[in-house]
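Reading through the structure tokens given below for one structure.
The values are calculated or read from the model by the stated rules, or taken from the named source; none is laboratory data. Remember, it's a predicted structure, so these values are computed and weren't measured experimentally. Cβ placement follows ideal geometry from the backbone for every residue including glycine, while neighbour counts extend to all protein chains displayed.
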Amino acid sequence: MKLFKKISSIGATVGLLVLPLASRAALDSSLGLVNGNVASATGLGSQDVRQTIGKIINVALSLLGIIVLVIIIYGGFLWMTAGGNDEKVGEAKKWIFGGIIGLVIILSAYAIASFVISNLVTATTGS
């Protein structure tokens, strides 16, 4: 559980630090992102920054989903190997319950991120 708290606080910190900078860079036409000069000079893609951020968020949430799946499977393994020991069954239930809570948090984060990014793209491009 401590590891999950550390991962979630690191993710929140990175998100709060990176998103404002990326949105500022996307809106700043002096950086050359609008006409693709930076992309051609550096060999980077000319895709919109907001779409790139959306893809990064999707990958991060997918990795967190895999971690939740492993936690739930581990809890199930603990439960199956408990042998009727109430203490081990209780620990297994805690792992499974923690995994389910993590899954709810990840799905909520995905819904919020999807809503914010789609509305950001709509507000800035007008389409």
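What do you reckon, is Gly102 closer than 30 Å to Asn119 by Cβ, in contact (Cβ under 8 Å) with a residue 24 or more places away in the chain, surrounded by fewer than 16 Cβ atoms within 10 Å (Cβ to Cβ) and touching a helix residue (DSSP H, G or I) at 6+ places or on another chain (Cβ under 8 Å)? No.
Checking Leu69 against (1) under 30 Å from Ala123 (Cα atoms); (2) surrounded by fewer than 16 Cβ atoms within 10 Å (Cβ to Cβ); (3) in contact with a Leu (Cβ under 9 Å, 6 or more places away or on another chain); (4) hydrophobic (A, V, I, L, M, F, W, C), which single condition isn't satisfied? Just one mismatch for Leu69, condition (1).
Restricting attention to helices (runs of 4 or more DSSP H) lying wholly within the stretch 15-127, give those where 1 or more residues are of a type in the set (A, V, I, L, M, F, W, C) and modelled with pLDDT of 85 or more.
Values: elements: 37-42, 49-80, 86-125.
Passing ranges, in order: 49-80, 86-125.
Whether any residue in the stretch 84-96 is more than 23 Å from the chain's Cα centre (by Cα), aliphatic (A, V, I, L, M) and surrounded by 13 or more Cβ atoms within 10 Å (Cβ to Cβ) is what I want to check. Among the residues of the stretch 84-96, at least one is more than 23 Å from the chain's Cα centre (by Cα), aliphatic (A, V, I, L, M) and surrounded by 13 or more Cβ atoms within 10 Å (Cβ to Cβ), which makes the answer yes.
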